[in-house]
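Below: one structure, written as structure tokens.
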Amino acid sequence: MRPVVLPVAALVLLVSVAHAKLPPPPKELAVVETGRAPCGLAAFGGELWVGVYEAGTVLRLDRAGHVQRRHRVGRSACQVAVDERAAWITRDNADEIVRIDAASGRLTRLRVASPLGVALAAGSAWVTSFETGTVTRIAARTGRVTRRWRIGGNPTGVTVCDGKVWVGHGRSATWLTSIDPRTGRAHRFDVVVRTPRWPRCIDGELWVTTEDSVARVSPRTGELRGLVQLAGTPAEAGLATSAPGGARTIWVTDKERSLVHRVDPGSGNVVDSFPAGPGALAQARFGGSVWISSFAGHDVRRYGPG
């Protein structure tokens with residue numbers, strides 16, 4: 001593994017076990033069968049949407065985990081973004097993104113090369129294309145492609161933070177890309193770390209999983225503010241609280257080791273790790289709990305206070 005060298009040592013938040021009096025690890029409250037390889041999760045309006053990769057379905061769950069509706073979209077259904085009008089689902093191996101009307105369930109299929117990430121912002125769906133190095137903007141109401149940016153570097157995850165669309169990159173990339181929805185201007189920020197692939201906006205900051213760490217980045221300046229080294233394969237970061245009024249922690253799923261790491265956002269320390277489902281991948285806060293998809297299995301799991 002190639003070591004990470006930062007230009008300013010103070011930016012590095014070394015991993016250690018925190019001894020603060022935190023509540024015990026969260027409890028697994030429910031296991032909901034989905035079909036093989038549940039992938040992306042998104043919560044909106046009292047429903048949790050689940051893209052199930054191998055089964056080729058999109059599930060809509062209520063807060064108890066009951067399936068309210070099932071949409072058959074085809075294999076490789078993965079990342080999900082949803083608002084009051086529709087859900088958008090990537091199908092990377094099909095070169096397609098599918099729009100599902102939230103009310104009618106009607107499917108609209110749009111051709112997009114190797115889509116990996118999707119996010120909603122400024123009345124549009126923003127879709128990354130890994131193989132072509134592009135980001136596509138699609139009008140949410142009409143489904144019409146309004147613009148495409150060639151940014152290179154194998155675009156992966158996408159999120160919205162500080163009014164801008166932020167794009168992660170895979171393979172050997174060491175930068176993030178921001179796009180201003182108002183002006184259309186794209187800007188590259190070198191964050192030094194290798195493969196900053198899945199950015200998430202948490203409390204107004206970017207937390208970005210890389211090939212072996214999670215990085216903290218300012219969405220205003222693109223400055224690297226901290227780096228937490230992890231083993232395994234970090235997948236996705238999210239925010240959770242251990243109990244009402246309890247400590248706030250960043251949860252980082254570890255796909256390779258089927259774990260969730262809890263990170264103190266103040267100190268950057270890893271406070272603990274707990275087992276999750278096989279191939280722990282995506283996460284979403286929903287119904288007062290955190291739900292995690294088991295990409296190497298066939299379920300999503302609900303976690304609550306220990």
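The values are calculated or read from the model by the stated rules, or taken from the named source; none is laboratory data. Here the structure is a predicted model, which is why all the values come from computation and not from measurement. Cβ atoms come from the backbone with ideal geometry, glycine included; neighbour counts cover every protein chain shown. Note: areas computed on protein heavy atoms with side chains; ligands, DNA, RNA excluded. Shrake-Rupley method; radii C 1.70, N 1.55, O 1.52, S 1.80 Å.
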Alpha-carbon Rg/Rh ratio, for segment 143-215, with Rh computed the Kirkwood way: 0.97
- prompt: Solvent-accessible area per residue for the chain at a 1.4 Å probe radius, Å²?
  reply: 42 Å²
query: Counting only Cα, what are the radius of gyration and maximum Cα-Cα distance Dmax of segment 74-218, in Å?
result: 14.4, 46
task: With unit charges on the beta carbon (Lys/Arg positive, Asp/Glu negative), name the residue among HIS261, VAL160, SER124 whose Cα is farthest towards the positive pole of the charge dipole of the chain.
output: SER124
message: Let's see if you can work this out: charge +1 on each Lys and Arg Cβ, -1 on each Asp and Glu Cβ, no other charges. What is the dipole magnitude of the chain about its Cα centre, in debye to the nearest 20?
response: 840 debye
- request: Give the carbon-plus-sulfur fraction of the accessible surface of segment 172-306 in %, rounded to a whole number; probe 1.4 Å, heavy atoms of protein chains only.
  value: 48 percent
field: Over segment 31-70, relative contact order from alpha-carbon pairs under 8 Å, at least 6 apart, %
entry: 31 percent
field: Solvent-accessible area, 1.4 Å probe, carbon plus sulfur percent, for segment 52-158
entry: 42 percent
message: At R0 = 35 Å, how high is the FRET efficiency between ARG148 and GLU256 if r is their beta carbon distance? Nearest 0.05 is fine.
response: 0.55
query: For the chain, modelled as a GNM with alpha-carbon contacts under 10 angstrom, which of ARG141, ARG197, ARG171 fluctuates the most?
result: ARG141
